[in-house]
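Have a look at the structure below before the remarks.
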Amino acid sequence: MKTGNKQQQKAYSTINELKIFDELRVYNPVLCGTFPIEIDIKGSDLDIIMEVRDLDTFAKELQTLYADKENFSFKRRTIRGKEVVKANFTFHDFEFELFGQAQPVHKQFAYLHMKIEYELLQRDPSLKEKVISLKKQGYKTEPAFCQLLNISGDPYEGLVLFGVEEGIVQV
């Protein structure tokens, strides 16, 4: 992203200014979502996922580091049977979502989705504008891909199953 398009460079600079990857390095942070694969639109957030074994400590760190940021919110809940901690805030016109769960980042859905979406965009570059168009109409990224690929049911589960069937990812 350092040498990517203008918006990617701005995002890269903003992430570095916050020092998220330094401050939270013990959690193996990875930027996922739309920015790394250039399908972001106005209002897209910067999703940073992490592997977190001690959610209580992680929650305290997030509050200490980012509670003073604009629109800070914090949630702890269960997704697909796994407890997660999520913090959201705004910094320099970017919305951030910091997400932690007790699972290696390369096995988390956000990472798998991004890997699948990237591969699909490489296979069929015409998908990019179609996905962006659907996102501008209000679709989230995974449902947009599923709409274009005729994947029915839960788009988050469906996209991963599609990725497995296509040999893009293993779960």
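Laboratory data are not the source of any read-out in this text; all were calculated from the coordinates shown. Please read these numbers as outputs of a predicted model, since none were measured by experiment. Here Cβ is always computed from backbone atoms with ideal geometry, including for glycine, and neighbour counts include all displayed protein chains.
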Checklist entry - Of Val171, Val160, how do they rank once you tally other Cβ atoms within 10 Å and put the fewest first? => result Val171, Val160
Next on the checklist: Given Cβ point charges of +1 (Lys, Arg) and -1 (Asp, Glu) and nothing else, what value in debye, to the nearest 20, does the dipole of the chain about its Cα centre take?
Outcome noted: 100
Item to check | Between region 17-31 and region 121-167, the Cα center-to-center distance that results, in Å | outcome: 28
Next on the checklist: Per residue of region 106-121, what does 6.51 cos²θ - 1.76 cosθ + 1.60 with θ = phi - 60° give for ³J(HN,Hα)? Whole Hz please, x for Gly and Pro, Karplus curve as stated.
Outcome noted: 6, 10, 7, 4, 4, 5, 4, 4, 4, 5, 5, 4, 4, 4, 5, 5
Checklist outcome for this item: Out of Phe89, Gly158, Tyr139 - ranked by how far each Cα lies towards the positive end of the dipole of region 59-171, with unit charges on the beta-carbon of charged residues - the top one is Phe89
Checklist entry - Taking the mean number of other Cβ atoms within 10 Å as a proxy for protection, how do you rank 108-121, 19-32 from highest to lowest? => result 108-121, 19-32
Checklist entry - Given Cα pairs under 8 Å that are at least 6 residues apart, what percent is the relative contact order of region 1-57? => result 29
Next on the checklist: Under 16 Å from a point placed 7 Å out from the Cα of Glu166 along the Cα-to-Cβ direction: which residues of region 23-51 have their backbone N that close?
Outcome noted: 33-34, 37-39
Item to check | ³J(HN,Hα), Karplus 6.51/-1.76/1.60, whole Hz, each residue of region 150-164, x for Gly, Pro | outcome: 6, 9, 9, x, 4, x, 6, 6, x, 5, 5, 4, 4, x, 5
Item to check | Amide proton proximity set for Leu46, modelled H, under 5 Å, gap of 5+ | outcome: Glu95, Phe96, Glu97
Checklist entry - With each run of n ≥ 4 DSSP H residues scored as -39500 (n - 2.57), what mean residue ellipticity at 222 nm is computed for the chain after dividing by its residue count and rounding to the nearest 500 deg cm²/dmol? => result -13000 deg cm²/dmol
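Which FRET efficiency, nearest 0.05, do Ser152 and Lys128 yield, Cβ-Cβ r, R0 30 Å?
0.85
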Next on the checklist: From zero outward in steps of 5 Å, how is the percent of C-alpha pairs of region 1-82 spread across the bins?
Outcome noted: 3, 12, 21, 25, 20, 14, 6, 1
